[in-house]
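Peer 1: Let me give you the structure first, and then I'll get to my questions.
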Amino acid sequence: MPPPAAGAATAVPANGPLLRPDSSLALGQLSMVKLAAAWLVYSACGSTRLVRAAPAILKLFERLRVAWLSNAVVRRTFFAWFCAGENEREIVQTMRQLKEAGIGSILDFSAEADLPEGAADHAAGGDSARAQANVKADALAKEYFHGMHMASQVPHAFAAVKVTGLADPEVLYRLSMPYDRVREAFVAADHDGDGRLDFAQFRDAVLAAMPGADRVASASGMFSMVDANSDGQVDWVDVQMALGLDNPLARPLYLRSAGSEYGALESDIEDYERLISRARAVVQQAAAKGVRLMVDAEHSYFQPMIDHVALVMQREFNTVASQAGQTLVYNTYQMYRADAYQRMADDYERASREGWRFAAKLVRGAYMELERARAAELGYASPINPTIEATHAMYNRGTAMLLERIARAQKTGAVPPSLFVASHNNASIELALQQLRTLEIDNAC
């Protein structure tokens, strides 16, 4: 199926709207008190001035030592409307109420972390800081275990996990460093545009762009490891599969050289092993509880490692045989990123080659202003699409591609990929529903 044109993002399907939102289905179940609170919350959220002034107002209450008052107001209004609850009983009750109204849940323990503000390069904070970061990550992993337990109490619920909660974000940053540089080197070396490199191009572009290039004892041996089918050429998926951190032989390539700030530290490799162990334990808990898990997308400078962790977990837990067609781990793709569609297509191809079920959650994205500001400050190209129309088009293109793959697999009796259309955009949902009907997809699979 050809991708939809950019204008299709806002177009209503030719055969008329498939969705006819009826607010009474949800609002009819609320008391007048809750309706009044909802009106107040959304009116406040619609005020640009109030939203911008809110942090200063809350700080003022703290300085006046009446934060208890602002906390009480926020807890009974904004928190009550946007958060599931403050304890297990409240959270599960909210999820069950939503389920009764025909609404599913994604239980998300928001344990997101970021780099220290204002820093462009991030060196190790010493053994003490590293130990503290690992203690914190271990504690957050246990919170995710609790989340799986809560999600399991409501049939067909999802849970979400943020990888930056499972490791020191500075470790994730250093391990993610090589991705963009190596990808750019690969594309630049692909002179004929066929997506494949020979040995000399691989040696002079891909290997040379890695932080630990000087650690390579045999470039030809490394190429042979990447060239799985021994045809003398490798594509980007070959490179990702063979030179990931899950391959111990490739790990020296990620280590920075003496005097350089590009790449990882020796201790980062040890922390990577801890990260994978935590992620595996969380997914095992989800599997034991019958909960489907979504790996959230985060800032672009962490995303290579987040994607890597998701792929490692998908390869291990989304095997067709062990899941009997049921997908356990989803990765999230932010379609406002200029490289999102190609990354998703590469990951789908990798799943096909390695024999596991691909599962994707498509979102538009949540860090646009931060990403653009950081890119301008540090002098690199913004990772975000230049226009909202480009983002709409990419979102719909990604949806169409996966729906076409699902339809093809169902017709041939193969296990299809799994797609979660996570959008507030009515036009995108309309288009996805239209494609479901046009392609005669059984969405129960």
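The values are calculated or read from the model by the stated rules, or taken from the named source; none is laboratory data. Nothing here was measured: the structure is a model prediction, and the numbers come from that model. Neighbour counts run over all protein chains shown; Cβ positions are idealised from the backbone, glycine included. In case anyone asks, the SASA skips ligands and DNA or RNA and just uses the protein heavy atoms, side chains included. Shrake-Rupley method; radii C 1.70, N 1.55, O 1.52, S 1.80 Å.
Peer 1: So what is the calculated 222 nm ellipticity per residue for the chain, using -39500 (n - 2.57) for each DSSP H run with n of 4 or more, over all residues, to the nearest 500 deg cm²/dmol? Can you show the working numbers first?
Peer 2: Numbers: 17 runs with 223 residues, N = 445.
That calculation yields -16000 deg cm²/dmol at 222 nm.
Peer 1: Moving to a separate point now. For the chain, what % of the accessible area comes from carbon and sulfur atoms, probe 1.4 Å?
Peer 2: C and S atoms contribute 56 percent here.
Peer 1: Ordering M32, M394, M368, M148 from largest to smallest accessible area (1.4 angstrom probe), what's the sequence? Numbers along the way, then the final one.
Peer 2: Values: M32 150, M394 30, M368 80, M148 0 Å².
The most accessible residue leads, giving M32, M368, M394, M148.
Peer 1: Further, regarding this structure: Quick check: from the Cα gyration tensor, does segment 269-315 come out rounded (a/c under 1.5), prolate or oblate?
Peer 2: Oblate, because a/c is 1.5 or more while a/b does not exceed b/c.
Peer 1: Shifting gears a bit: Largest first, what is the accessible-area ranking of H149, H156 with a 1.4 Å probe? Write out the running numbers ahead of the final one.
Peer 2: Working: H149 65, H156 135 Å².
Result, largest first: H156, H149.
Peer 1: Sticking with this one: Might you report the magnitude of the Cβ-based charge dipole of segment 35-190 about its Cα centre, with Lys and Arg at +1 and Asp and Glu at -1, to the nearest 20 debye? Provide the component values of the computation, followed by the final result.
Peer 2: Values: 17 positive and 18 negative charges, 150 e Å.
Approximately 720 debye in magnitude.
Peer 1: Leaving ligands and nucleic acids out of the surface, order S230, S105, S152, S352 by accessible area at 1.4 Å, largest first.
Peer 2: Largest to smallest exposure gives the sequence S230, S352, S152, S105.
Peer 1: In addition: If you add up the charges near D190, with Lys and Arg at +1 and Asp and Glu at -1, over every other residue whose beta carbon is less than 12 angstrom from its beta carbon, what do you get?
Peer 2: Once positives and negatives cancel, what remains is -3.
Peer 1: For the chain, what is the charge dipole size about the Cα centre, in debye to the nearest 20, if Lys and Arg each add +1 at the Cβ and Asp and Glu each add -1 at the Cβ?
Peer 2: About 1800 debye.
Peer 1: Might you tell me the accessible area per residue for segment 338-445, computed with a 1.4 Å probe and given in Å²? Can you show the working numbers first?
Peer 2: Working: 5120 Å² over 108 residues.
With the other protein chains kept in place, segment 338-445 gives 47 Å² per residue.
Peer 1: Checking the a/c ratio against 1.5 first, then a/b against b/c, what shape does the Cα gyration tensor give for segment 291-445?
Peer 2: Here segment 291-445 falls in the oblate category.
Peer 1: Springs between alpha-carbon atoms under 10 Å, Gaussian network over the chain: tell me which of V421, V163, V295 tops the mean-square fluctuations.
Peer 2: The residue that fluctuates most here is V421.
Peer 1: Taking every DSSP beta bridge with both residues inside the chain, roughly what % is antiparallel (nearest 5)? Walk me through the numbers on the way to the answer.
Peer 2: Details: 4 of 23 bridges.
Taking every DSSP beta bridge with both residues in the chain, the antiparallel ones total about 15 percent.
Peer 1: Further question on the same structure: Pick the calculated Cα extents along the principal axes in Å for this structure from (i) 71, 55, 39; (ii) 84, 68, 38; (iii) 72, 58, 43?
Peer 2: (iii)
Peer 1: Follow-up. Where the centroid of each part is defined by its Cα atoms, how far is segment 372-436 from segment 178-249 in Å?
Peer 2: Using only Cα atoms to place each centre, the spacing works out to 28 Å.
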